[in-house]
Amino acid sequence: MDAAPVIQVQGLVKDFGRVRALDGLDLTVAPGEIHGFLGPNGAGKSTTIRALLGLLRTDGGSASVFGLDPWRDGVEIHRRLAYVPGDVSLWPNLSGGEVIDLLLRMRGIRPASTRRAELLERFELDPAKRSRTYSKGNRQKVALVAALADDAPLLILDEPTAGLDPLMEHVFRECLRERREGGTTILLSSHILSEVEAVCDRVTIIREGRAVERGTLAELRHLRRTKVRAEVAREPDGWPEIPGLHDLSVHDHVVSCTVEAEGMAPLLAELNRLGVVSLTSAPPSLEELFMEAYRSPGRAEGRTAPRP
């Protein structure tokens, strides 16, 4: 029997005046997975996270975290999760180390019992400096260290690498993989496609407050076309019917096309008949899947809500 989802959102609706930020959103996050939550700014990612954290009341649908209602049971839920926003504000007169200790104690955790020291070293953060002297990247590091120092069963991360340099982004990804191996469930909201592609088990892509694609990267790619480029020994004198074949081009013994999954085998058979000299194929990147999800017309920043 499958374990119950850690996060379950069904038909969630949230209006801000006449703007509908969430329009029947569905989202399921399974135990122990890193789930990518994708969409551009204004698509509804942060609104969803605020609803999951119990920071706002929604107007329709349902949301649960650990089987609990975020609005009613927020205190209990917050004991079992750590949260990192995309724009971290700190107490300016406290040092970074004091802020980390305060955030941990607010969750009932003794800082000395955590991986605080290890993470400070990995993220190259000086905990003695006052928070007011920190750059945006260092403020993010403070929040990340506080969130990752303890074994919270759920991490909710909303654009957590904003301001980090590429080296620190690599450290962050290593930390997420380690936490997944330890059984932690992670919801990673981002518009950095390479970040999601590197660490996530499944993704949900949202547009105008509604899920438009969901699944593992392999499942999403299975529904998309693979790019194929082949150099062949003989120019074809015709081309057979191949299901799912698109954008075919033949020039100077080079065949270029895109093909859906069902057409790959017959395409390779035809290329082999022509004498393959070299061949390259590439599945669509997450960026291509993302752009396809947004190809239909309309604004991504929220739709006008219907009048009651």
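The values are calculated or read from the model by the stated rules, or taken from the named source; none is laboratory data. Owing to the predicted nature of the structure, the values given are computational and were not obtained by experimental measurement. When we count neighbours, we look across all protein chains shown, and the Cβ atoms used for this are built from the backbone with ideal geometry, even at glycine. Only protein heavy atoms, including side chains, enter the accessible area calculation; ligands, DNA and RNA are left aside. Shrake-Rupley method; radii C 1.70, N 1.55, O 1.52, S 1.80 Å.
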* Can you confirm whether the stretch 227-243 contains a residue that is within 24 Å of GLU197 (Cβ to Cβ), modelled with pLDDT of 90 or more, open to solvent by 70 Å² or more (accessible area, probe 1.4 Å) and in a strand (DSSP E or B)? => yes
* Would you mention how many residues in the stretch 170-205 are surrounded by fewer than 20 Cβ atoms within 10 Å (Cβ to Cβ), β-branched (Val, Ile, Thr) and touching a Lys or Arg at 6+ places or on another chain (Cβ under 7 Å)? => 2
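Every residue, every condition in (1) under 25 Å from PRO160 (Cβ atoms); (2) out of contact with any strand residue (DSSP E or B) (no Cβ under 9 Å at 6 or more places or on another chain), yes or no:
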site: GLU174; (1), (2): yes, yes
site: GLU178; (1), (2): yes, yes
site: HIS191; (1), (2): yes, no
site: VAL196; (1), (2): yes, no
site: VAL212; (1), (2): yes, no
site: ARG221; (1), (2): no, yes
site: LEU245; (1), (2): no, no
site: PRO284; (1), (2): no, no
* To do: Identify all residues within the stretch 176-204 that are among the charged types (D, E, K, R) and over 20 Å from PRO283 (Cα atoms); write none if there are none.
  => ARG177, GLU178, ARG179, ARG180, GLU181
* Asked: Scanning for something in a loop (DSSP other than H, G, I, E, B), surrounded by fewer than 21 Cβ atoms within 10 Å (Cβ to Cβ) and at pLDDT 95 or above, does the stretch 153-169 turn up at least one residue?
  -> yes
* Filter pass, ALA218 being surrounded by fewer than 15 Cβ atoms within 10 Å (Cβ to Cβ) and under 19 Å from the mean Cα position of the chain (by Cα) -> yes
* **Which numbered condition ILE192 fails, given (1) within 24 Å of ALA51 (Cα to Cα); (2) of a type in the set (Val, Ile, Thr); (3) in contact with a helix residue (DSSP H, G or I) (Cβ under 8 Å, 6 or more places away or on another chain)** => (3)
* Asked: Does at least one position in the stretch 85-100 carry a residue that is part of a helix (DSSP H, G or I), open to solvent by less than 80 Å² (accessible area, probe 1.4 Å) and small (Gly, Ala, Ser)?
  -> yes
* **Positions within the stretch 141-152 being open to solvent by less than 10 Å² (accessible area, probe 1.4 Å), in a loop (DSSP other than H, G, I, E, B) and under 18 Å from ILE77 (Cβ atoms), in sequence order** => ALA152
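So that you can scan it fast, the table gives a plain yes or no per residue for (1) among the polar types (S, T, N, Q); (2) out of contact with any Gly (no Cβ under 8 Å at 6 or more places or on another chain); (3) farther than 20 Å from SER190 by Cα:
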{"site": "PRO5", "(1), (2), (3)": "no, yes, yes"}
{"site": "ARG18", "(1), (2), (3)": "no, yes, yes"}
{"site": "LEU25", "(1), (2), (3)": "no, no, no"}
{"site": "VAL29", "(1), (2), (3)": "no, yes, no"}
{"site": "ASN41", "(1), (2), (3)": "yes, yes, no"}
{"site": "LEU53", "(1), (2), (3)": "no, no, no"}
{"site": "ARG80", "(1), (2), (3)": "no, yes, yes"}
{"site": "LEU90", "(1), (2), (3)": "no, no, yes"}
* strands (runs of 3 or more DSSP E) within the stretch 8-77 that include 2 or more residues more than 16 Å from PRO153 (Cα to Cα), open to solvent by 40 Å² or more (accessible area, probe 1.4 Å) and touching a residue at least 40 places away in the same chain (Cβ under 8 Å) -> 19-29, 60-65
